[in-house]
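Peer 1: Questions regarding the structure given below will be posed in turn.
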Amino acid sequence: MRRARLAGLALVAFVAAFALIQWWDFTVPAPFASRYQAVFLANGQTYFGRYTDRLGPYAEVENAYYIQQTRSEKDPDAPPDQRIVRRGQEPHQPLPRVLIPKSSVLFVEDLQPGSRIGRFMDAQP
């Protein structure tokens, strides 16, 4: 009887701990020295911003930017135009942070403070 009760308490404690971990936004401090990082994904997309490696299956990029490419309708053979877009300016107006499955992240690089993208992000309000 006592063993069953202890096993039941252990199960309740395990389920409560699991629920707390899933609910709470646990983050792991990133050891990056740079203010901004480039996060390269398996699908070819790259996000720029402040990368946070969280506990659990998702990483976060705060104040995310990405490069948008557009092709000229007049000359389809011309190289695409590129511009940096802050996430949140799309028609559906998402929050400027992105949660990314860690399984999709190929690698993360620190941006130098003097990089063009870093300076651009610093100049934004």
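The values are calculated or read from the model by the stated rules, or taken from the named source; none is laboratory data. Quantities reported herein were computed from a predicted structural model and do not represent experimental measurements. FYI the Cβ positions are ideal-geometry reconstructions off the backbone, even for glycines, and counts take in every protein chain you see. The protein model used for the area step is the full one, side chains on, heavy atoms only, and it has no ligands, DNA or RNA in it. Shrake-Rupley method; radii C 1.70, N 1.55, O 1.52, S 1.80 Å.
Peer 1: Could you state the accessible area per residue of region 42-125 in Å², with a 1.4 Å probe and every protein chain left in place?
Peer 2: Accessible area per residue, region 42-125: 70 Å².
Peer 1: Sum up the charges of everything whose Cβ sits under 13 Å from the Cβ of residue 63, counting Lys and Arg as +1 and Asp and Glu as -1, but leave residue 63 out.
Peer 2: Working: positive: 35, 50, 86, 87, 97; negative: 60, 62, 122.
Surrounding charge for residue 63 is +2.
Peer 1: So, with a 1.4 angstrom probe, what is the percent of accessible area on the chain that is carbon and sulfur?
Peer 2: Details: 5420 of 9450 Å².
Here carbon and sulfur together make up 57 percent of the probe-accessible area.
Peer 1: Moving on. Just to be sure I understand, if you calculate Cα Rg over 2.2 N^0.38 Å for this structure, which of (i) 1.51; (ii) 1.29; (iii) 1.00 do you get?
Peer 2: (i)
Peer 1: Net charge near residue 90, counting Lys/Arg +1 and Asp/Glu -1 over other residues with Cβ under 14 Å of its Cβ?
Peer 2: Details: positive: 83, 86, 87, 97; negative: none.
Net charge around residue 90: +4.
Peer 1: Can I ask one more? For the chain, what does the helix formula give at 222 nm: sum of -39500 (n - 2.57) over DSSP H segments with n ≥ 4, over the residue count, nearest 500 deg cm²/dmol? Don't jump to the answer; show the numbers that get you there.
Peer 2: Working: 2 runs with 30 residues, N = 125.
After summing the helix terms and dividing by the residues of the chain, the value is -8000 deg cm²/dmol.
Peer 1: Here's something else I'd like to know. Under the rule of at least 5 residues apart or a separate chain, name every residue whose amide H is placed under 5 Å from the amide H of residue 87.
Peer 2: Hits under the 5 Å cutoff: 64, 65, 66.
Peer 1: Please give, to one decimal in nm, the separation of the simple spin-label points placed at residue 69 and residue 9, each 7 Å out from Cα toward the Cβ.
Peer 2: Spacing of the two 7 Å Cα→Cβ label points: 6.1 nm.
Peer 1: When every alpha-carbon pair in region 78-125 is counted, what percent end up more than 13 Å apart?
Peer 2: I get 73 percent for the Cα pairs in region 78-125 exceeding 13 Å.
Peer 1: Tally Lys/Arg at +1 and Asp/Glu at -1 over every other residue whose Cβ is under 15 Å from the Cβ of residue 121; what's the total? Present the calculation step by step, with values, prior to reporting the outcome.
Peer 2: Details: positive: 35, 50, 83, 86, 87, 97, 116, 119; negative: 62, 109, 110, 122.
Its environment carries a net charge of +4.
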